[in-house]
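Student: First, the structure itself, so that you have it in front of you.
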Amino acid sequence: MPQPGRPPVRSVFGSLVLIAVVVGGGAAAFAYTAGWFSPRRLTPDKLVDAFTPSTGEPLGHRRNHAKGICFTGMFEANGAGSTLSHAQVFARGQYPVLGRFNLGTPDPNAPDATVRVRGMGLRISTPDGQEWRSAMIDPPFFPVSTPQAFYELLIASASKDPNAMKTFAGAHPEIAAFGAWAKSAPWTGSYAEERFNSLNSFVFADSSGTETTVRWSLLPAAQPVSVSPDDLAKRGPDFLEQEIAERVRGGPLRWTMVVTVANPGDPTADPSKAWPEGRRAIEVGTLTVRRIQAERDGPCRDINFDPTVLPSGIRTSDDPFPAARSAAYAKSFDRRTAEAKDYPRTATDAKP
Ligand code: HEM
C-alpha cells in the first residue's frame with residue numbers, strides 16, 4: 001500500500017522516465033530539425049547561407065531579392081475567379097495591396113542593369129481577415145526542378161572550380177532552357193513593363209470543394225519596350241526605382257491577373273517546366289499600383305512574402321518549392337529583422 005502523501009517508488013521512477021523521454025525526445029527533434037543527424041540534408045540555414053555574395057552577408061536586408069522598392073495599391077477582383085476558388089479575394093470587389101518590386105540578387109547595391117531576374121512580392125488582404133501572399137518573377141520558368149537542385153546551383157555558381165557550372169549543368173539539364181531565356185529574352189526599362197509569374201503550382205478549391213491546380217501571372221498594361229543592357233547601364237545603377245516612382249507620379253499602373261489551369265498530366269510539381277500553350281486561362285482581376293515608397297522606411301520592409309501564406313480556397317500543391325521557400329524566407333526574415341541596426345530607418349515615424 002502506498003503511504004498517504006508519498007508517491008509510490010514506481011510512480012516516481014515512472015515520472016523520471018517520462019521526463020527523460022520528453023526532454024530527450026525534444027532534444028532529438030531539435031537535433032533532427034537542425035540537421036545534426038544528417039549533415040547532408042538540406043536545411044533552411046544552408047539554403048540561406050548559399051546566397052551569401054562575395055561582398056559578404058547583406059546585413060539588415062533580404063538574403064535574396066535584396067534590392068527593392070515598396071508599393072501600395074488595390075486588387076480589383078472581377079468575380080470570375082470565384083468559379084475556381086471560394087477565397088474572398090476572388091469575389092467581385094476591391095482589396096488593399098502591399099507589394100515590393102525587386103531584383104533577383106543577394107546584393108542590395110547591385111546595379112540594376114546587371115540583374116537578369118526581376119520580381120514582385122504581393123500581399124492582398126480581404127475583409128475576412130485573410131491574406132494571399134505571393135512572390136513572383138519575370139522568367140517563364142524556374143532554372144531548376146527541385147529545391148535541392150537550386151541549392152546545388154547556388155553552390156556551383158559561387159564555386160572557384162572553373163568546371164563547377166559545367167558539372168552542374170550535366171547533372172541538371174533543365175538549366176539549359178533558363179540559360180537560353182536569360183540570353184535571348186528582351187530587357188525592359190521598367191518594372192511596369194514586366195510580366196510576373198507564380199511559376200509554382202497551387203490548388204484552388206471552389207465552394208463545393210472541387211479542386212483545380214493552377215499557376216498565375218500578372219500581365220502588364222504597359223507595352224514592353226526592349227532596351228539593351230548596355231543602354232540600361234547608362235541610365236544609372238538605380239534607374240528602375242527612379243523610373244517606377246516617376247511613372248506612378250504620372251498615374252496608377254495596372255496589371256491583369258490571369259489564372260492558368262493545369263490539364264491532367266501537366267508537370268505541377270516542377271516549376272522549370274512551363275505548361276504547354278492552350279491551357280484554360282481566366283482573367284480574375286486587376287492590380288493597380290498607386291503609390292511607391294523607398295524600402296528603408298516603407299511598409300514592405302518588414303514583410304515576408306511567404307508563398308505559403310494563403311487564404312482558405314487556395315492551398316499548396318505537390319510542388320515542393322513553396323514549403324522550401326517558406327522555411328528559407330523565415331530564416332532570412334529572422335536574420336534581417338535582428339540586424340535592423342545595420343539598415344537604419346531614416347524616419348522614426350515611418351514604421352508601418
Ligand atoms: C528553394 C527555392 C528558393 C529559395 C531558397 C529562395 C530564397 C529566397 C529568400 C531567402 C528570399 C528573401 C526572403 C525575405 O527575407 O523576405 C527570397 C525572396 C524572393 N523570392 Fe525566392 N527563393 C526560392 C524560390 C523562388 C521562386 C520559385 C520564386 C518565384 C517564382 C522566388 C521569388 C522571390 C521573390 C520575388 C522574392 C522577393 C520577395 C520580397 O519582395 O520580399 N523565389 N527568396
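The values are calculated or read from the model by the stated rules, or taken from the named source; none is laboratory data. Everything quoted here is computed from the prediction, not taken from an experiment. A quick note on method: Cβ atoms are made from the backbone with ideal geometry, for glycine too, and the neighbour counts reach across all protein chains shown.
Student: Return the only residue of Arg247, Arg254, Arg301 being crowded, with 17+ Cβ neighbours inside 10 Å, farther than 24 Å from Arg195 by Cβ and either within 16 Å of the ligand (Cβ to nearest atom) or not aliphatic (A, V, I, L, M) (or both). Before the answer, list the steps.
Tutor: Numbers: Arg247 fails: farther than 24 Å from Arg195 by Cβ; Arg254 fails: farther than 24 Å from Arg195 by Cβ.
Of the residues listed, the single one that is crowded, with 17+ Cβ neighbours inside 10 Å, farther than 24 Å from Arg195 by Cβ and either within 16 Å of the ligand (Cβ to nearest atom) or not aliphatic (A, V, I, L, M) (or both) is Arg301.
Student: Next up: Counting only residues that are assigned to a strand (DSSP E or B) and not hydrophobic (A, V, I, L, M, F, W, C), which one in region 111-127 is nearest to the chain's Cα centre (by Cα)? Show your work before the answer.
Tutor: Within region 111-127, the subset assigned to a strand (DSSP E or B) is 118-125.
Those left that are additionally not hydrophobic (A, V, I, L, M, F, W, C): 118-119, 121, 123, 125.
On the way: Arg118: 12, Gly119: 9, Gly121: 7, Arg123: 11, Ser125: 17 Å.
Across region 111-127, the extreme among qualifying residues is Gly121.
Student: List pairs: first in region 290-303 and more than 20 Å from Lys341 (Cβ to Cβ), second modelled with pLDDT of 95 or more and among the small types (Gly, Ala, Ser), Cβ under 9 Å, 6+ apart or cross-chain?
Tutor: Arg290/Gly73; Arg291/Gly73; Ile292/Ala245; Ile292/Gly298; Gln293/Ala245
Student: Determine whether Ala180 is within 16 Å of the ligand (Cβ to nearest atom), at pLDDT 95 or above and not in a loop (DSSP other than H, G, I, E, B).
Tutor: Values: within 16 Å of the ligand (Cβ to nearest atom): no; at pLDDT 95 or above: yes; not in a loop (DSSP other than H, G, I, E, B): yes.
Considered against the rule, which asks whether it is within 16 Å of the ligand (Cβ to nearest atom), at pLDDT 95 or above and not in a loop (DSSP other than H, G, I, E, B), Ala180 comes out as no.
Student: Output yes when any residue across region 186-194 is farther than 30 Å from Pro267 by Cα and surrounded by fewer than 20 Cβ atoms within 10 Å (Cβ to Cβ), and no when none is. Before the answer, list the steps.
Tutor: The initial filter retains those residues of region 186-194 that are farther than 30 Å from Pro267 by Cα, namely 189-190.
Next, from what is left, pick out any that are surrounded by fewer than 20 Cβ atoms within 10 Å (Cβ to Cβ): 189.
Scanning region 186-194 turns up at least one residue that is farther than 30 Å from Pro267 by Cα and surrounded by fewer than 20 Cβ atoms within 10 Å (Cβ to Cβ).
Student: Sticking with this structure for a sec: With the checklist (1) aliphatic (A, V, I, L, M); (2) crowded, with 18+ Cβ neighbours inside 10 Å; (3) assigned to a loop (DSSP other than H, G, I, E, B) in hand, flag the one item Ala222 doesn't pass.
Tutor: (2)
Student: Failed condition for Arg279, given (1) more than 16 Å from the ligand (Cβ to nearest atom); (2) buried (at least 20 other Cβ atoms within 10 Å of the Cβ), with all others met?
Tutor: (2)
Student: Based on what the data block shows, is Ala269 within 14 Å of the ligand (Cβ to nearest atom), under 29 Å from Pro147 (Cβ atoms), surrounded by fewer than 18 Cβ atoms within 10 Å (Cβ to Cβ) and modelled with pLDDT of 95 or more? Steps first, please.
Tutor: Details: within 14 Å of the ligand (Cβ to nearest atom): yes; under 29 Å from Pro147 (Cβ atoms): yes; surrounded by fewer than 18 Cβ atoms within 10 Å (Cβ to Cβ): yes; modelled with pLDDT of 95 or more: yes.
In short, yes.
Student: Now for a separate question. Being closer than 22 Å to Thr316 by Cβ, more than 16 Å from the ligand (Cβ to nearest atom), in contact (Cβ under 8 Å) with a residue 12 or more places away in the chain and out of contact with any helix residue (DSSP H, G or I) (no Cβ under 6 Å at 6 or more places or on another chain) is the requirement here; does Leu98 meet it? Show your work before the answer.
Tutor: On the way: closer than 22 Å to Thr316 by Cβ: yes; more than 16 Å from the ligand (Cβ to nearest atom): no; in contact (Cβ under 8 Å) with a residue 12 or more places away in the chain: yes; out of contact with any helix residue (DSSP H, G or I) (no Cβ under 6 Å at 6 or more places or on another chain): yes.
No: the conditions fail for Leu98.
Student: Let me ask something else about it. I'd like the residue in region 328-349 that is at pLDDT 95 or above and more than 16 Å from the ligand (Cβ to nearest atom) and, out of all such residues, is surrounded by the most Cβ atoms within 10 Å (Cβ to Cβ). Don't jump to the end; show me each part of the working.
Tutor: First, pick out the residues of region 328-349 that are at pLDDT 95 or above: 328-345.
With more than 16 Å from the ligand (Cβ to nearest atom) added as a condition, the list becomes 341, 344-345.
Values: Lys341: 8, Pro344: 9, Arg345: 13.
Applying the filter and picking the extreme gives Arg345.
Student: Here's something else I'd like to know. Among the residues of region 310-326, count how many are crowded, with 17+ Cβ neighbours inside 10 Å, more than 11 Å from the ligand (Cβ to nearest atom) and assigned to a loop (DSSP other than H, G, I, E, B).
Tutor: Selection size over region 310-326: 4.
Student: Determine whether region 148-171 contains at least one residue that is over 15 Å from the mean Cα position of the chain (by Cα) and of a type in the set (Phe, Trp, Tyr). If you could, list the steps in order and put the result at the bottom.
Tutor: Filtering region 148-171 down to residues over 15 Å from the mean Cα position of the chain (by Cα) leaves 148-149, 151-171.
Subsequent filtering for residues that are of a type in the set (Phe, Trp, Tyr) retains 151, 168.
Yes, there is a match, as at least one residue in region 148-171 is over 15 Å from the mean Cα position of the chain (by Cα) and of a type in the set (Phe, Trp, Tyr).
Student: Output the residues belonging to region 46-88 that are in contact with a Pro (Cβ under 9 Å, 6 or more places away or on another chain), near the ligand (Cβ under 10 Å from one of its atoms), among the hydrophobic types (A, V, I, L, M, F, W, C) and over 16 Å from Phe101 (Cβ atoms).
Tutor: Leu47, Phe51 - these are the residues of region 46-88 that are in contact with a Pro (Cβ under 9 Å, 6 or more places away or on another chain), near the ligand (Cβ under 10 Å from one of its atoms), among the hydrophobic types (A, V, I, L, M, F, W, C) and over 16 Å from Phe101 (Cβ atoms).
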